[in-house]
Amino acid sequence: MLSSLPTTLRLVLAAFLWTKASDNSATPPSNAIRFQLRHAHAVAHGSRSVFADVPPSFLSDYYEIPTQNIQTHRPPSAAAYADARLMGMRHAQSPIVAWDAVDVTGPDVRKRATLLQLAKMTSNSYYGEPGHKSWYPLDGWNASLPFGWEPDADGFRGHVFVSTDNNTVVISVKGTSAPWIAGGEGPTKKKDKINDNLLFSCCCARVGPTWYTVCDCYSGGDKCDLGCLERALVDDSLFYQIGTNLYNDVAYMYPNANIWMTGASFPLSFFVSYDIARHSLGGSLAALLGATFGVPVVAFETPGEKMAATRLHLPSPPTTHHITHVYHTGDPIPMGTCTGVASACALAGFALESRCHLGQRILYDTHGIQFIIEKVLNEDWEGEGGEVPEVDVQVDCVDCFNWQYGDFK
């Protein structure tokens, strides 16, 4: 089944998650939560979230994710958070927010089984139904009936998984679809690219003199008008605002549930047969929403979203350790090295120039395709001292250091 996945996703799953013994056959830990796929979500008529329930036959299928207790920080109310953002936008101030420390049950990112299941969930958000040839089956999955968003829907979409006791919900967000991927690229590619180039570029996707920028904030030389850039990011049609609407809708549907977010940003890659896979957006959006609502997040292979969080004026909680990024050093997009007019990203029309992430990260040290094939795909990470690499945080990370930001227009 791995052979039906995009090449880079196969590498990610193998590098991060594969064991010599099948995870599906292992006995789940006593603290695992059992989930079912309940809904597909999409956007209709601008920014309104719509949901499709899965057929009843799917509700007998489930899988389990190990958990751990974690602490997050949340604002006292949605109104207080909105006021803090507004103050930042209007007065360029960093307001003091009376954050509430909250202990919640979250995914145990120290376990390979956790990352494997969440990677499957977010991979499947690219496809509208389990019958798709690239759908990655979960434990005991029944792929006999279609469900989900309309195939021509062109916006933010993914799936909603719910625990069997309705106490925990996982929202999975689809990442970018590149325009020439066969089977599953979908009609979202145009809006995906606009959001990518707004959120993750230094200045409106100004990569070179021949580039068409996505907003009119470039001010010549290495200068970018910051006010213009920030205004471009708060349009209601952009995916961040749509994501906040989605979260609120799911919270309304499951008012007593603990909500998690997951998303993947499967990278542009010329590693094998010049295969170009899905990339960017999904995991970064999940992280931005996790920072907004103080909910656990696991994101795979994402470009850095810390710069976008600053430009969106998201108030900074005391910590963002409830957000975990999983990626490897051989991927230029989360590493922030897929830049310049001759880069693979630029050749595909994407300006993915950010590298700084919120929260913590699980970083796999790989050094190109030969290492991945000969070592990562064939060896267990147990020999490295644990099921997954040690969690760390980025230190002294700076995005777009060669640009000047100010009031130039």
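The values are calculated or read from the model by the stated rules, or taken from the named source; none is laboratory data. Remember, predicted model here, so these are calculated numbers, not experimental data. When we count neighbours, we look across all protein chains shown, and the Cβ atoms used for this are built from the backbone with ideal geometry, even at glycine.
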Taking the condition of being in contact (Cβ under 8 Å) with a residue 24 or more places away in the chain and in contact with a helix residue (DSSP H, G or I) (Cβ under 9 Å, 6 or more places away or on another chain), how many residues in the stretch 203-239 meet it?
18
Of the criteria (1) modelled with pLDDT of 65 or more; (2) part of a helix (DSSP H, G or I); (3) crowded, with 20+ Cβ neighbours inside 10 Å, which one Ala79 fails
(3)
For the stretch 363-374, indicate whether the set of residues that are surrounded by 18 or more Cβ atoms within 10 Å (Cβ to Cβ), under 21 Å from Ala309 (Cα atoms), touching an Asp or Glu at 6+ places or on another chain (Cβ under 9 Å) and modelled with pLDDT under 90 is non-empty.
no
Return the only residue of Gly208, Gly220 being surrounded by fewer than 24 Cβ atoms within 10 Å (Cβ to Cβ), in a loop (DSSP other than H, G, I, E, B) and at pLDDT 90 or above.
Gly220
Just one of Thr324, Thr319 is at pLDDT 90 or above, within 22 Å of Arg112 (Cα to Cα) and of a type in the set (S, T, N, Q); which is it?
Thr324
The stretch 347-362, residues that are in contact (Cβ under 8 Å) with a residue 60 or more places away in the chain and crowded, with 20+ Cβ neighbours inside 10 Å:
Phe350, Ala351, Leu352, Glu353, Ser354, His357, Leu358, Gly359, Ile362
Across the stretch 305-332, what is the number of residues that are within 30 Å of Glu387 (Cα to Cα) and out of contact with any Cys (no Cβ under 7 Å at 6 or more places or on another chain)?
16
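Matching residues to (1) surrounded by fewer than 24 Cβ atoms within 10 Å (Cβ to Cβ); (2) at pLDDT below 85:
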| residue | (1), (2) |
| --- | --- |
| Ser237 | yes, yes |
| Thr244 | yes, no |
| Asn258 | yes, no |
| Thr262 | no, no |
| Ala291 | no, no |
Identify the residue in the stretch 288-339 that is of a type in the set (S, T, N, Q) and not in a loop (DSSP other than H, G, I, E, B) and, among all such residues, is farthest from Gly106 (Cα to Cα).
Thr310
